[in-house]
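Participant: Here it is, the structure, as structure tokens.
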Amino acid sequence: MTEIHKKRPEFRNINAFKDLTTYRLPLAGWVSILHRASGAMMFLLLPFIVWLFDTSLSSEISFTRFSSAFIVGIGIFPAWFVKLVVLALIWAYLHHLCAGVRHLYMDTHHAVSKEFGKSSAIVTLSISWILTIGLGAKLFGLY
């Protein structure tokens with residue numbers, strides 16, 4: 001008995017207006033895109049990171065100013081916004097680290113099968129989100 005299989009679409013030359021609405025990017029592709037986005041986010045926010053680091057280590061007075069940024073805010077930015085930016089940086093760092101380790105493992109062990117790509121993408125996303133939620137709960141004072 002022969003079953004009729006639905007023919008899967010082939011995307012050779014993707015038309016941005018017609019094909020991108022129906023194209024499903026695999027999970028490994030999302031991890032790769034998010035790896036690049038997290039790296040770009042960390043690079044663009046590097047002056048803020050350096051300011052946070054410098055203010056936290058310079059003196060007791062500057063550490064108090066650093067601590068107050070999370071209580072009263074910085075300039076026109078309220079404290080909740082500063083915490084959200086820091087939470088985004090925490091996610092960016094953790095995701096970039098986990099995805100980087102994944103890429104290094106795949107490069108050194110030549111593990112490029114579709115199954116490994118999907119399972120390692122799930123592990124990468126899970127670890128980075130679990131760690132981000134845990135550190136975010138600490139940042140927002142839940143424990």
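Participant: If residue 109 satisfies every condition in (1) of a type outside the set (Phe, Trp, Tyr); (2) modelled with pLDDT under 95; (3) within 17 Å of the chain's Cα centre (by Cα) but one, which is the exception?
Facilitator: (3)
Participant: Okay, moving on. Give, as residue ranges, the helices (runs of 4 or more DSSP H) completely inside the stretch 10-126 that count at least 3 residues that are among the hydroxyl-bearing types (Ser, Thr, Tyr). Walk me through it before giving the result.
Facilitator: Details: elements: 27-44, 46-57, 60-69, 79-109.
Hits in the stretch 10-126: 60-69, 79-109.
Participant: Would a scan of the stretch 32-49 turn up a residue that is over 29 Å from residue 74 (Cα atoms) and exposed (fewer than 13 other Cβ atoms within 10 Å of the Cβ)? Before the answer, list the steps.
Facilitator: From the stretch 32-49, those over 29 Å from residue 74 (Cα atoms) are 32-33; that's our starting set.
Subset that is exposed (fewer than 13 other Cβ atoms within 10 Å of the Cβ): 33.
Yes, the stretch 32-49 contains at least one residue that is over 29 Å from residue 74 (Cα atoms) and exposed (fewer than 13 other Cβ atoms within 10 Å of the Cβ).
Participant: Does residue 82 fit the bill of being touching a strand residue (DSSP E or B) at 6+ places or on another chain (Cβ under 8 Å) and over 15 Å from residue 128 (Cα atoms)? Before you say what the answer is, go through the steps one by one.
Facilitator: Working: touching a strand residue (DSSP E or B) at 6+ places or on another chain (Cβ under 8 Å): yes; over 15 Å from residue 128 (Cα atoms): yes.
Here the answer is yes, as residue 82 does meet what is asked.
Participant: Mind listing whichever residues of the stretch 7-31 are surrounded by 11 or more Cβ atoms within 10 Å (Cβ to Cβ) and in contact with an Asp or Glu (Cβ under 9 Å, 6 or more places away or on another chain)?
Facilitator: 11
Participant: Filter the stretch 127-143 down to the residues that are free of Cβ contacts under 8 Å to residues at least 24 places away in the same chain, part of a helix (DSSP H, G or I) and small (Gly, Ala, Ser), then identify the one that is farthest from residue 67 (Cα to Cα).
Facilitator: Here the residue is 134.
Participant: Among the listed residues 87, 94, identify the single one that is closer than 15 Å to residue 37 by Cβ, within 11 Å of the chain's Cα centre (by Cα), surrounded by 13 or more Cβ atoms within 10 Å (Cβ to Cβ) and touching a residue at least 12 places away in the same chain (Cβ under 8 Å). Don't jump to the end; show me each part of the working.
Facilitator: Details: 87 fails: closer than 15 Å to residue 37 by Cβ.
Result of the check over 87, 94: 94.
The values are calculated or read from the model by the stated rules, or taken from the named source; none is laboratory data. Quick caveat: nothing in here was measured; it's all calculated off a predicted structure. Positions of Cβ are generated from backbone atoms using ideal geometry, with glycine treated the same way; all protein chains shown enter the neighbour counts.
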